[in-house]
Amino acid sequence: MLMETSDETLALAAAGGDAAAFSALLERQYDRMFRLCFRLTGSRHEAEDLTQDICAALPAKLRGYRGEASVTTWLYRICVNAAHDRRRRAASHAKAALGWGEWEVARRAVAEDEAEATDWLTRAMRALPPDLRDTLALVLDDMTHRAAGEVLGISEGTVSWRVSEAKKHLARLRAEEER
Amino acid sequence: MTDDLDDLKRMMDAATPRPDAARRAENIALAEKNFADLQGSRDEARLMSAAPKRGLWTGVRQMLTSLTSRGALTASTAIVAVGLVMLTPFGGSVLDNVRSRGTPDEQVGMKRLAPEEPVVIAEEPMAADDTAESAPVAASAPRARDLAKVDVYEGDAAAPPPPSVVAPAPQAEMAPAMGITAGRAVGDIVVQPQLPDTEAFANADANPVKVVSEDPVSTFSIDVDTASYAVVRNSLTNGTLPPADAVRVEEMVNYFPYDYPAPEGDAAFLPTVQVTATPWNPDTRLVQIGIQGALPAVEDRPPLNLVFLIDTSGSMEDPAKLPLLKQSFRLMLGQLRPEDQVAIVTYAGSAGRVLDPTPAGERSTILAALDALGAGGSTAGQAGLKQAYATAAEMAQEGEVSRVILATDGDFNVGLSDPEALKDYIAAQRDSGTYLSVLGFGRGNLDDATMQALAQNGNGQAAYIDTLGEAQKVLVDQLGGSLFPIADDVKIQVEFNPGQVAEYRLIGYETRALRREDFNNDKVDAGDIGAGHQVTALYEVTPVGSPAQLNDPLRYGAATGAAAPDDSGELGFLRLRYKAPGEDASRLIETPITATSGNAEAGFAAAMAGFGQLLRGSVYLGDWSWEEAIALANETKGEDPFGYRAEAVQLMRLAQSLSAN
């Protein structure tokens, strides 16, 4: 049965052009992708959009899947890269936009996101530097430091270091918040 | 170490929302469509999805697949989402049919493991992660959704938006918007769902006490804005203390007219300095610098060209916004003369000129255009501001004064994500001689910070209109001041005499601080002053030898720092620079600050400064209480012909009660 097939088998089948396998895989992984996207962006609205970006690009990327990494690692890598791209685009967009209308859209999205971040946790996550945030998002998602390192393309030691840095940041933010 | 990470993880798990069901189906459908496109065969996808497997979801997917394949390739996903919601009522029966057909061979997909069709499309390299390029459909959807969401959110936290405001949002988009509100109360972290308040206020930390021997010079730009007082009033009358950042002490002081002597002859204005006892500290003195602008005879004023740039976006629907705005402008119209000209530009959906330049004498034409304004749609773009400036340029003639009056609830669309470009644009227009005033209406998404930035860069004033009474004050009683500039770039520099003054503190003007060297630099922009305007600045100074001195003298370096006490009687020296309108070079006014006592009426400024500082929770007031502030305000209220000051006392009493809770 399809549901008992491993993610890797499904992904390989989908890479070969099997639409049913692709659908099944996506249905299985969607919530997990969304969860990670939320942690990467700290905003539901951003997370929905980011997941949409990923969904749109996933079929093309899947063709490059050779089963070398686990599907989870592979998907997470795509998520982290997409989040990174999105951030970079947002930054250069804000800088280079010529029409004020577009700035407005960006400005409103930012204002809305900020209003949305009512709890300190989301705010704190967003205050982290992007690489720390990415690392923490993965580790909080029950990934081992080694697996997170694989996703990010860095060593296990670097992951551990980043996690402790992130903790320091958060502790400081919390202290400020409570003051 | 691991423990707090576990804590964090628990919190994170609780905070993580569930994906929105509509978006989920939408996104998956998008992925499937792209997948099918990539295989070069849309038909395959349809065939596959006919293998029903998991009931509801498969059914929805099938509907979406057939919907999108019906030539909706270029349509945005938002439209697909609308289709989904509208079709759902029928979806039930569709699903039943599918289910009753039984379960065909589910392995049909697996049998095709070896692809029959050759791979014709070049593989995208793994590293190329730019999802935007491969997702042209995705690009348009978030924007449509953004606008829809803003519409849903707009409005006052106190007064939920009327249904008509919500209506323009595409139906499907309401689902994610509602979902967010509900999604906040997930798990252990229960956050009260509330309409987000997108107000932003411009402010900075209160000015610290400076030691004269170390830093004897204080430089700032004057500020004729009064928006802060009206915002404070609005908060208090609504039963809440204003946010501390909404309180700009200098604007609260400047809201009130004081009885300063008027300049004589050609002078644009006259500074008045008086030194009084500090109400909240017996050991310090209050230096009050008052500047009275000349009030040219009204009949001599040049013709006015006014361009009303009116925000008619959906959020302006509120009774405190567009309707009040119309009433306010109607009041103002009565003050204009027949040779003045009025034009109206709106921006919502698309910017448009709804009234071509019209002589103010044609009242009925102008009123009809004003009445025809209706709120709706979302805010449209810099187009509005550009068009307003273009219209003003068209109307301008030699010897006339042109001004754009921007009326908005703050959600205006001038792209503050790039404040530098905005600043440049407005500054360029400023050099062309067109001034800009900003009138804020309503609360909830009042972008006070943006208003400030706009008015400061546009050589204009920012005022906040919350009642018709305020409109009367700003637009009618002070019409001259708000519309006719008499001096540009007015800067104040005070040098304190270390022989007399040990420490000083400028009260308010935090957002107006200038660097010492900027005082003589005519390139540096500063505040402008209009006909009849008044500006008041207050310093709290600690005389040499006073027990109130906060900083101990330095053990080392005292020899160079402290000057010998002198008996000149001068506390300091006031320098004031301004430019006559249209001129590039500044003029200088200088006057020593001597220990003169002022008239009691001007003491009301001290009461207002105390009011503002109490609201901000200033650390410099000691145990000075609301009671004492109110008593002082009552004592110094004076004649108060317009009742502004009586109202202030009322507000102070309200604030006293509210802060007791």
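Estimated at the nearest 10 Å², the accessible area of B:His533 is 20 Å² with a 1.4 Å probe. Heavy-atom accessible surface of B:Tyr504, to the nearest 10 Å², is about 10 Å², with a 1.4 Å probe and all protein chains retained. For the cross-link pairs A:Lys61/B:Lys33; B:Lys326/B:Lys473; A:Lys167/B:Lys9; B:Lys326/B:Lys386, the ones whose C-alpha atoms lie over 18 Å apart are B:Lys326/B:Lys386.
Computed 3J(HN,Hα) for the stretch B:612-628, one whole-Hz value per residue from the Karplus formula 6.51 cos²θ - 1.76 cosθ + 1.60 where θ = phi - 60°, is x, 5, 4, 5, 7, x, 5, 8, 8, 8, x, 9, 4, 10, 4, 4, 5, glycine and proline marked x.
From the Kirkwood radius over Cα pairs of the stretch B:254-348, Stokes-Einstein at 37 °C and 0.692 mPa s returns a whole-number translational diffusion coefficient of 185 µm²/s. Chain A against chain B buries an accessible area of about 7500 Å², both chains summed, 1.4 Å probe radius. The heavy atoms of B:Ser618 offer some 30 square angstrom of accessible surface to a 1.4 angstrom probe. Once the Cα-Cα distance is subtracted from the 0.36 nm per residue extended length, the B:Ala600 to B:Ala368 segment shows a gain of 78.7 nm. Its alpha carbons give the stretch B:581-659 an Rg and a Dmax of 16.7, 50 Å.
What the phi angles of the stretch B:650-655 give under the Karplus curve with 6.51, -1.76 and 1.60, with θ = phi - 60°, is a coupling list of 4, 5, 5, 5, 4, 4 Hz, glycine and proline written as x.
With the simple model of a label 7 Å out from the Cα in the direction of the Cβ, B:Asp259 to A:Ala90 spans 5.7 nm. Within the stretch B:578-623, all pairs of alpha-carbon atoms sorted by distance into 10 Å bins from zero give the percentages 19, 24, 28, 25, 4. Going by accessible surface with a 1.4 Å probe and the largest first, A:Trp161, B:Trp626 read A:Trp161, B:Trp626.
For the peptide B:7-16, the mean number of other protein chain Cβ atoms found within 10 angstrom of a residue's Cβ is 6. Take every Cα pair under 8 Å whose residues are at least 6 apart in sequence, average their separation, divide by the length of the stretch B:222-320, and the relative contact order is 19 percent.
The values are calculated or read from the model by the stated rules, or taken from the named source; none is laboratory data. Since the structure is predicted, the reported quantities are computational estimates derived from the model, not experimental observations. Counting neighbours? That spans all protein chains shown, and the Cβs are built from the backbone with ideal geometry, glycine included. Protein only, heavy atoms only, side chains kept; ligands, DNA and RNA dropped before computing areas. Shrake-Rupley method; radii C 1.70, N 1.55, O 1.52, S 1.80 Å.
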